[in-house]
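> Submitted below is the structure of interest, expressed as structure tokens.
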Amino acid sequence: MKYCSECGSANLVRRAPGHDTHSRLTCADCDKIFYHNPRMIAGCIVEHDGKYLMCQRAITPRPGSWTLPAGFMECGETVEQAAVREVLEETGARVEVISPYSIFSVPQIDEVYIMFRARLIEFSDAPGPETMEAKLLGPNEIPWDNIFYPAIKDILQRYIDEKARGTFGIYMGCSEDGTVHFMQ
Ligand SMILES: [Zn+2]
């Protein structure tokens, strides 16, 4: 950002306003503060008859890699609505959220992922433009070596393990450190 969106000044500085704990980009002329906060990404792990709904990315970065459907939340929606909408846009599947499954922070890039368990209502097999192909894949069909992001691989692997054990936890953490919480 080069100019203040409030007054057009180029006199932007970084400073901690008042009692704030973080330094913020601030307009030195009109005192407008520009807050920069993490972005929320919502998505779903959708299991149906032992298979998992995955999509092959058509867009950068890493087109051709496989991932779980997820994307940026929009203003005016709940995180669950965002997750369901992203699944529909990226895979053509209508789903219903069951419960939270992973709350995963990536502070290095200021992103927070909230992944839900969801059940399939209808799979029309008509993915949007961000997806080459959407498929329900069994554990042996999942392209484990070509998954977009390591955390996505971890989520899938944990789900498959937990399904075999018959109990699902909720992960909370980041890539370095985190805990799976099981309800008592
Ligand atoms: Zn200004």
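> Tyr52 is checked against (1) exposed (fewer than 13 other Cβ atoms within 10 Å of the Cβ); (2) under 26 Å from the mean Cα position of the chain (by Cα); (3) modelled with pLDDT of 95 or more and fails just one. What number does that condition carry?
With (1) exposed (fewer than 13 other Cβ atoms within 10 Å of the Cβ); (2) under 26 Å from the mean Cα position of the chain (by Cα); (3) modelled with pLDDT of 95 or more applied to Tyr52, the lone miss is (1).
> Still on this model: For segment 21-47, give me the residue count where each residue is basic (Lys, Arg) and either touching a Cys at 6+ places or on another chain (Cβ under 8 Å) or within 14 Å of the ligand (Cβ to nearest atom) (or both). Outline the logic, then answer.
Initially, segment 21-47 is screened for residues basic (Lys, Arg), giving 24, 32, 39.
From what's left, either touching a Cys at 6+ places or on another chain (Cβ under 8 Å) or within 14 Å of the ligand (Cβ to nearest atom) (or both): 24, 32.
The number of residues fulfilling the criteria is 2.
> Any idea which residue in segment 12-41 is surrounded by the most Cβ atoms within 10 Å (Cβ to Cβ), counting only those that are aliphatic (A, V, I, L, M) and in a loop (DSSP other than H, G, I, E, B)?
That would be Ala28.
> Now, a different point. Can you find a residue that is of a type in the set (A, V, I, L, M) and closer than 30 Å to Ile155 by Cβ anywhere in segment 16-39?
No: zero hits.
> Continuing with this model, one more query. Is it true that Gly18 is within 16 Å of the ligand (Cβ to nearest atom), of a type in the set (Gly, Ala, Ser) and not assigned by TED's automatic domain parsing to the domain that holds Tyr159?
no
> So is Met54 closer than 25 Å to Glu176 by Cβ and touching a Leu at 6+ places or on another chain (Cβ under 9 Å) or not?
No, not satisfied.
> Which fully enclosed strands (runs of 3 or more DSSP E) of segment 105-179 have 2 or more residues being over 11 Å from Met54 (Cβ atoms)?
Output list reads 111-123, 170-173.
> Any chance segment 21-43 includes a residue that's within 28 Å of Asp145 (Cβ to Cβ) and of a type in the set (A, V, I, L, M)?
Yes - at least one qualifying residue is present in segment 21-43.
> Further question on the same structure: With respect to Lys135, determine if the residue is in contact with a strand residue (DSSP E or B) (Cβ under 7 Å, 6 or more places away or on another chain), without any contact (Cβ under 8 Å) to a residue 40 or more places away in the chain and surrounded by 15 or more Cβ atoms within 10 Å (Cβ to Cβ).
no
> If I go through segment 57-76 residue by residue, how many of them are under 20 Å from Pro38 (Cβ atoms) and outside any strand (DSSP E or B)?
Adding up the residues that qualify gives 6.
The values are calculated or read from the model by the stated rules, or taken from the named source; none is laboratory data. Since the structure is predicted, the reported quantities are computational estimates derived from the model, not experimental observations. All Cβ positions, glycine included, derive from the backbone under ideal geometry; neighbour counts span all protein chains shown.
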